[in-house]
Amino acid sequence: MNTEEFRKHAHQLVDWMADFFDEVENLPVTPEMQPGDVYRKIPETPPVEAENFAEIFSDFKEKIMPGMSHWQSPNWFAYFPANSSKPSVLAEMLTATLGTQGMIWLTSPAATELEERMMEWLRQMIGLPAGFTGVIQDTASTATLVALLTAREKFSGWNINRKGFTGQPFTIYSSSQVHSSIDKAVKIAGLGEENLRKIPVDEDFALIPNLLVNAIEKDLKAGKKPLAVISALGTTSSTAIDPIRPIGEICQKYGLWHHVDAAFAGTALLLPEKRWMNDGAELADSFVFNPHKWMLVNFDCTAYFVKDSKALVRTFSITPEYLKTNHDQEVKNYRDWGIQLGRRFRSLKLWFVIRSYGIDGIQKMLRYHLQMARWFEQQIDEAEDFEKLAPVPLNTICFRYKPQNIEQEHVLNSLNQMLIEHLNETRKVLFTQTKLDDKFTIRMVIGQTEVQERHVKAAWQLIQTTARSLPIM
């Protein structure tokens with residue numbers, strides 16, 4: 001493909017992209033597909049001769065698009081949002097064009113220095129103390145693993161990287177509501193799944209500090225070595241907020257690393273009225289949130305902050321001759337700040353988004369989403385045959401259908417499982433479920449970039465109509 005052909009096809013793609021932004025709300029949120037449907041449309045063997053771009057793009061539209069779930073639909077109320085934006089997409093186009101591999105300062109000084117500045121901006125935007133230094137990771141799962149590996153090395157005197165595991169086993173603590181990535185990180189870090197303590201939660205699904213103390217004391221008496229606590233600032237199931245300050249004080253008392261996982265909810269800290277969630281963050285050792293969830297930045301872009309950056313670098317730094325440069329003592333080589341050697345130019349889309357919207361624009365979007373969440377919560381509270389199953393500190397509403405004449409939990413669980421299946425089968429919306437106190441729970445998450453009040457009201461109407469048409473078992 002020569003430059004003129006590239007120019008022609010690039011304009012075609014941009015026109016298609018703009019049309020997609022305009023039309024996505026009218027597309028089915030999820031495809032009507034069976035496993036293998038797309039796979040069977042792709043030839044079994046690769047082409048020997050070159051194919052023209054028009055044919056490739058046609059196949060994209062005819063074979064790939066029908067099998068896509070549309071995360072950017074304003075009718076997407078599942079999981080957590082991955083809300084992109086047009087400025088972010090444009091930045092990604094430039095990132096792909098440049099093809100930068102930003103592993104060290106020398107491989108692209110602008111990529112390194114823009115990342116350094118963007119992390120300073122983000123730290124200010126969410127109100128973290130100046131003692132934190134930031135780096136962009138790909139996902140919060142990776143950031144949590146990085147935190148545990150750093151804690152492991154710091155508290156083992158840097159011996160595990162050199163000699164492997166010896167001596168007392170480390171123990172890790174989190175609430176019973178934390179994300180499954182914590183379990184995975186504990187396993188990958190070699191700490192052992194059996195050494196992860198899931199601390200019970202209160203009626204709001206937040207970790208109970210005195211039970212954390214009991215677990216730490218029990219492990220100390222058993223000859224184990226408590227290593228770290230992972231707090232959840234916004235759990236996956238219900239966005240419950242762990243008490244950050246009491247947990248931080250406990251960590252300081254016992255000498256544990258405190259990692260705050262604010263993957264989704266951290267964006268809400270841009271709002272001064274939500275800073276209460278982060279009370280005590282100055283006591284933490286590390287903190288993570290995902291601008292790629294609720295801050296208009298394309299996946300992937302995770303902001304990881306750490307107090308002891310020297311411990312972080314010492315954990316991951318390996319400098320063979322072919323990576324040494326004359327500037328290593330003057331700059332940040334971000335290959336030493338995490339697991340990956342190769343690094344994408346993720347800070348460019350952050351820069352584009354923050355400048356395109358400004359703090360005011362992002363705050364306006366967040367407040368609008370929170371306003372719609374309050375409206376939806378009110379509808380649940382006022383409906384005689386629905387009930388809320390968790391507090392709503394942000395924009396995730398956990399609820400279930402509960403006809404007044406049904407009290408048996410197993411019947412209600414089956415009924416609500418049937419409800420979510422019927423709702424999702426319409427392909428007009430998408431919801432996901434969780435279990436809270438063993439109750440089958442439907443989650444409504446309002447955070448997609450283009451979601452408006454009319455989409456939320458239409459979803460509520462569909463929920464009511466579908467629920468009340470179900471056969472009562």
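Within the stretch 138-152, the set of residues being crowded, with 22+ Cβ neighbours inside 10 Å and out of contact with any His (no Cβ under 7 Å at 6 or more places or on another chain) comprises ALA140, ALA143, LEU145, VAL146, LEU148, LEU149, THR150, ALA151, ARG152. Apart from one condition, VAL14 fits all of (1) under 29 Å from ALA459 (Cα atoms); (2) in a helix (DSSP H, G or I); the exception is (1). Within the stretch 84-124, the set of residues being of a type in the set (A, V, I, L, M, F, W, C) and either over 18 Å from HIS292 (Cα atoms) or surrounded by 19 or more Cβ atoms within 10 Å (Cβ to Cβ) (or both) comprises ALA91, LEU98, MET103, ILE104, TRP105, LEU106, ALA110, ALA111, MET118, MET119, LEU122.
Quick one: in the stretch 283-327, which of the residues that are acidic (Asp, Glu) and in contact with a helix residue (DSSP H, G or I) (Cβ under 8 Å, 6 or more places away or on another chain) is modelled with the highest pLDDT? Filtering first and then ranking leaves ASP285.
Tell me, which helices (runs of 4 or more DSSP H) lie completely within the stretch 41-131 with 1 or more residues that are touching a Gly at 6+ places or on another chain (Cβ under 6 Å)? It would help to see each step written out before you state the result.
Working: elements: 53-59, 86-98, 109-126.
Qualifying helices (runs of 4 or more DSSP H): 109-126.
When only residues in the stretch 220-258 that are hydrophobic (A, V, I, L, M, F, W, C) and assigned to a loop (DSSP other than H, G, I, E, B) count, which is nearest to ASN278 (Cα to Cα)? Taking the candidates together, the pick is ALA240. Checked against the criterion of being within 12 Å of PHE77 (Cα to Cα) and either of a type in the set (Ser, Thr, Tyr) or crowded, with 17+ Cβ neighbours inside 10 Å (or both), the candidates ALA459, ALA390 yield just one match: ALA459. Here SER69 passes the criteria (1) hydroxyl-bearing (Ser, Thr, Tyr); (2) more than 30 Å from ILE442 (Cβ to Cβ); (3) touching a residue at least 60 places away in the same chain (Cβ under 8 Å) except the one numbered (2). The set of residues from the stretch 155-188 being charged (D, E, K, R) and without any contact (Cβ under 8 Å) to a residue 12 or more places away in the chain comprises ARG162, LYS163, LYS187.
Being out of contact with any Phe, Trp or Tyr (no Cβ under 7 Å at 6 or more places or on another chain), touching a residue at least 12 places away in the same chain (Cβ under 8 Å) and among the acidic types (Asp, Glu) holds for only one residue in GLU387, GLU409, and it is GLU409. Set side by side, the residues GLU25, GLU51, GLU62 differ, and just one is more than 21 Å from the chain's Cα centre (by Cα), over 25 Å from PHE345 (Cα atoms) and surrounded by 12 or more Cβ atoms within 10 Å (Cβ to Cβ), which is GLU25. Against the conditions (1) in a strand (DSSP E or B); (2) at pLDDT below 95, ILE397 satisfies every one except (2). Among the conditions (1) at positive phi; (2) surrounded by 21 or more Cβ atoms within 10 Å (Cβ to Cβ), the only one that ILE354 does not satisfy is (1).
The values are calculated or read from the model by the stated rules, or taken from the named source; none is laboratory data. Remember, predicted model here, so these are calculated numbers, not experimental data. No Cβ is skipped: glycine too gets one built from the backbone with ideal geometry, and neighbour counts run over all protein chains shown.
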